[in-house]
1. When a footprinting reagent is the concern and you count Cβ atoms within 10 Å, what order do A:T230, A:T430, A:T87 take, fewest first?
2. Residue by residue through region B:42-51, what is 3J(HN,Hα) from phi via Karplus (6.51 cos²θ - 1.76 cosθ + 1.60, θ = phi - 60°)? Round to whole Hz and write x for glycine and proline.
3. When the dipole is taken about the Cα centre of region A:195-263, and only Lys, Arg (+1) and Asp, Glu (-1) are charged at their Cβ, what size is it in debye, to the nearest 20?
4. Treating region A:449-567 as a set of equal point scatterers at the Cα positions, no solvent, please give the Debye-formula log₁₀ I(q)/I(0) at q = 0.24 Å⁻¹.
5. Which distance in nm do the two modelled labels at A:K14 and A:E293 give, with both placed 7 Å along the Cα-to-Cβ direction?
6. Which of the GluC sites (Glu not before Pro) across region A:72-180 are loop residues per DSSP, with 15 or fewer other Cβ within 10 Å?
7. Per the helix-only calculation at 222 nm, which mean residue ellipticity applies to chain A, given -39500 (n - 2.57) for every DSSP H run of n ≥ 4 and division by its residues, nearest 500 deg cm²/dmol?
8. Can you tell me the dipole magnitude for region A:1-90 around its Cα centre, using point charges on the Cβ only (Lys, Arg +1; Asp, Glu -1), in Debye to the nearest 20?
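Readers should treat all values here as calculations from the given coordinates under stated rules, not as data from a laboratory. The structure presented is a predicted model; accordingly, all values stated were derived computationally and were not measured. Methodologically, a virtual Cβ is constructed for each residue, glycine included, from the backbone with ideal geometry; neighbour enumeration extends over all protein chains shown.
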Amino acid sequence: MSQNYKNLKNLSEKYISDIYDNKVVIKVQTGTSGQAVGADEVLKTLEAKNSKEINVLEVGSMGLMYLEPMIVVCLPSKDNIYYANVTENIASEIYDHYSSKETIYKQNAFAYESNSSLDVDFPNINDLPQFSNQLRIATRNFGDITPGDIFQYINNEGYSALDKALFEMSPEEVVEEVKNSGLRGRGGAAFPTGVKWSFLAPNQAPTKYVLCNCEEGDPGAYNDKGILETDPHTLVEGLILNGYATNSNKSYVFIRQGHDIPINAIERAIKEAYDNGILGENILGSNFSFDMEVSLTGDSYVAGEETALMEAIEGKRSTPRFKPPFPAASGLWKKPTNINNVKTISYVPEIIKNGSEWFKGTGTEKSTGTAIVCLSGHINRPGMYEIPMGMTINDVLENIGGGSNSETDIKMLQTGGPLGGVLGKEAFSTKIDFDEMAKSGAILGSGGIIVCDESVSVVDLIRNLVAFNQFESCGKCFPCRLGNTHMYDVLDRLCNSKSEPNDLALLERIGNSMKIGSLCGHGQLGYNPISSSLKYFQSEISDSINNISEPLEKMLIPTRTRPNNLE
Amino acid sequence: MTDNILDSDSLRSSINESISNQKRSTVTVLSSLLAVQDSLHYIPDEAIEEIASFCKVTINDVWSVASFYTNFRFTPPGDKTLDVCWGPSCHINGAQKLITKAHDLLDIEGEGESSDNKVTLRYSTCLGACAQSPVFAIDHKMFGKLDEGKVETIIDTLKKE
């Protein structure tokens, strides 16, 4: 352990004991999802109170979003009590209770955490399937620490992997460790991360960039922004390791303007890292120097494509570039560049700390580690969960998600974003890993799983997805630009019972043209929602083609308009 | 917003202030446009000209970027902006009905401003709080688990403010 890191450790110990020693600590889980149901108001209510025995701490979401607003009361006895669906009034009562009594406040309590078994009528959190079936690596600090607070992060062994790499490992050894871990990119393409790094590492150019992609436009996926707003230091640490391993000195974290909660969290983390010698010149007293900056983009889904992302950082229209040259040879400002997704980078600190063999112990042979899935739609427990790769879809839906939240069964899933697929019941026994999911016709992609019950019409769902793809096509390749518009028109007439006999063949023809005629995945994968639906819902789609189905309601969608003062 | 439209000179000086004081060190056409949109909430013609000279590019270069990203607008928005999500999670949880409700209550067709210019309604492809769908946002503050009653309440408050 370096002297600099030892000093930071000592500072953080003192900092933590000031917060916890002989105090009741009330942690309020805020964040984008919590804000939507009133967590900010709960936090304000608690912060307005003033008892010497109680500290109120803002923390990120632990992922059990269906229970939000959530607070956790950490007692001096080291027992934690979890409260769900907390209103301002209940929060106030909880605070007042613990400022005067030593008993446990029972209302709205749903679980506890303790080394002993407490005499209460709610369960230990480790006995709840939605918690016990998870394996939290990248999300290990979720719900525990204040986003961006460096000393809380260091107290949870944060930056120890960086310290280990800088002083005990060569850059080549870091690349080898990541390669050997089998870590694959979590942004959608599932390319082996260590191999990607090894393309950049030997390049002797004086300026090289590592970029982190948080342009998470996929509807239904919120885990990238989730990591940024809940535990941004994990990302900062991973990205510095990425830089050290590839001998690069500058990085950008790329995210859309307007997502203020994750942006503020990562900027706080970056600032605190600079303030404590974790970023900048001679990190932790080593010879390695590294800079990090946030780069904002406007609203554009295609900006998440790696070469389009570089165009956006350069300040241009985010349209994809021709490849080759590949980014490792010529990327941002024509300099050698590496791009990784937020989730991918967030695994790196734990891999370096515990070793690649440890990481390989989880998951399947070709998809090591965990997947971070986002459940939403008609499911009892929507939220963000980290599960070992290889768990079946059904286990995720039932054990973690708690099954359908309506009177009807789960009919289908939409996975991997709007360019991913639609899966029917037959596919629910599929194991969640990159290759099995691809075989089933869908992709794991960014980890979004939207659950639909029997009330959802498959053609209506695909129409919504294709409308998104049409709206978001950047327009550079005409097969994508026109193809998505044409497909939307055909699907719209299917929904209106006005379809024409050859419409299915027409859709396929358009889809094929898009596949061969587009530069990036947006056009290449645009037919996926339709092809995967046909695999599972052939007869329902045929009914629409034959105009047997009832016409659906018109869908309200935005129209792309020219700026009005250009007219 | 309408009552405090600035005259062209003060508009230019306010634009120049926001583009020359960007808090992140990498300054580009896009970052300058975002900075103007952040402070004025729209991109006036003057901003296109000022950014072109600030970044040493042509007016066409700036327009090409400004017209590409869907968040840029070229006229002043209403006092408050209501984002309604039509992404698939919200869609299957009844977003279309809620959007129609918002249209009725605000007397807006599609996207745009209410007649008193108090509210701008925008469609959003995903607000990022899918676990709480259906979701709307007012000036980036999220409102989740919506139903028609809640939409009525938040729009009532919007109108009163």
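1. A:T87, A:T430, A:T230
2. Here the 3J(HN,Hα) series is 7, 10, x, 3, 4, 5, 4, 5, 5, 5 Hz.
3. Here region A:195-263 has a charge dipole of around 400 debye.
4. Each listed q corresponds, in turn, to -1.44.
5. Modelled inter-label distance: 3.4 nm.
6. The qualifying sites are A:E102, A:E157.
7. -12000 deg cm²/dmol
8. Here the size comes out at about 380 debye.
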